[in-house]
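Structure first, then comments.
The values are calculated or read from the model by the stated rules, or taken from the named source; none is laboratory data. Note that this is a predicted model, so its numbers are computed, not measured. All Cβ positions, even for glycine, are placed from backbone atoms using ideal geometry, and neighbour counts span all protein chains on display. The area values use the complete protein model at the heavy-atom level, side chains included, leaving out ligands, DNA and RNA. Shrake-Rupley method; radii C 1.70, N 1.55, O 1.52, S 1.80 Å.
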Amino acid sequence: QVSRLHRALRPLRKNEPPAAPLPDYPGIDMPPETLLDPAKHNRPFALAGNRKVCNAVIPDHMTLIPYGMFAGCSSLERVVIPPTVTHIDAYAFLGCEKLRYVELQPGSQLTHIDAYAFAGCSGLISLTLPCNINHMGAYAFAGCTSLSAIRFAYNEKGQQTEKNLYPSVLDGIAPALFAGCRSL
């Protein structure tokens, strides 16, 4: 399933418009608001292709959003990520076209966003990341056509402020990090 999405994003690696819409997945039934169960959902592709989940709340004690966990979730609009999550694995939200809100809770310890993590999330408009982020993988935001702002949360004198300034700990800009983000 991920390889089909990967092929659909191939034109973005060549700075061309996508040839076809991202493929649809067979759905898994689940209620619209979902508090994830780490014992059940903390594994690769745990919710991939789910057409019913609209709002996902990651539990406080999870530290990783696994590989392809939400890939192809066509109805996912909002995800709440607790401060304990340090790593968003590759393809975690690949092709979540309706994803508009990624809420990183205050005090986020997120340091890693792997390749293709948010690729194809065409509904994503803006994103605020913590200033301690040090890695964003290749094509992490490729195809996020509505993405118009990326801000970083800094703590200054006990107050959280948002700036468009890249953090100094960021290990560089990966190839095609924002490929196809024509609104950015």
Quick one: the Cα spread of the range 55-96 along its three principal axes, in angstroms, biggest first?
26, 20, 9
Project the alpha carbons of the range 50-123 onto their principal axes and report the range along each, largest first, in whole Å.
28, 22, 17
For the range 35-85, what is the relative contact order in percent, using Cα pairs closer than 8 Å and at least 6 residues apart in sequence?
44
Surface share of carbon and sulfur [accessible, 1.4 angstrom probe, percent] for the range 102-184:
50
Please report, in whole Å, how far the alpha carbons of the range 28-184 spread along each principal axis, starting with the longest.
43, 33, 21
Heavy-atom accessible area per residue, the range 50-165, 1.4 Å probe: how many Å²?
37
Could you work out the relative contact order of the range 74-184, using alpha carbon pairs under 8 angstrom and six or more residues apart, expressed as a whole percent?
23
Here FRET efficiency (C-beta to C-beta, Ser183 to Ala39, R₀ 35 Å, nearest 0.05) is 0.35
List every residue whose amide H lies under 5 Å from the amide H of Arg151, counting only residues 5 or more places away in sequence or on a different chain, with H placed 1.01 Å from N in the peptide plane.
Leu127, Thr128, Leu129
Using +1 on the beta carbon of Lys and Arg, -1 on that of Asp and Glu, and nothing else charged, what's the dipole of the range 34-184 about the Cα centre, debye to 20?
340
Those residues of the range 65-81 whose amide nitrogen sits under 13 Å from the label point placed on Val57, 7 Å along Cα→Cβ:
79-81
Percent of alpha-carbon pairs separated by more than 14 Å within the range 124-165:
54
Can you give the Rg/Rh ratio of the range 84-140, where Rg is from the C-alpha atoms and Rh is the Kirkwood radius?
0.94
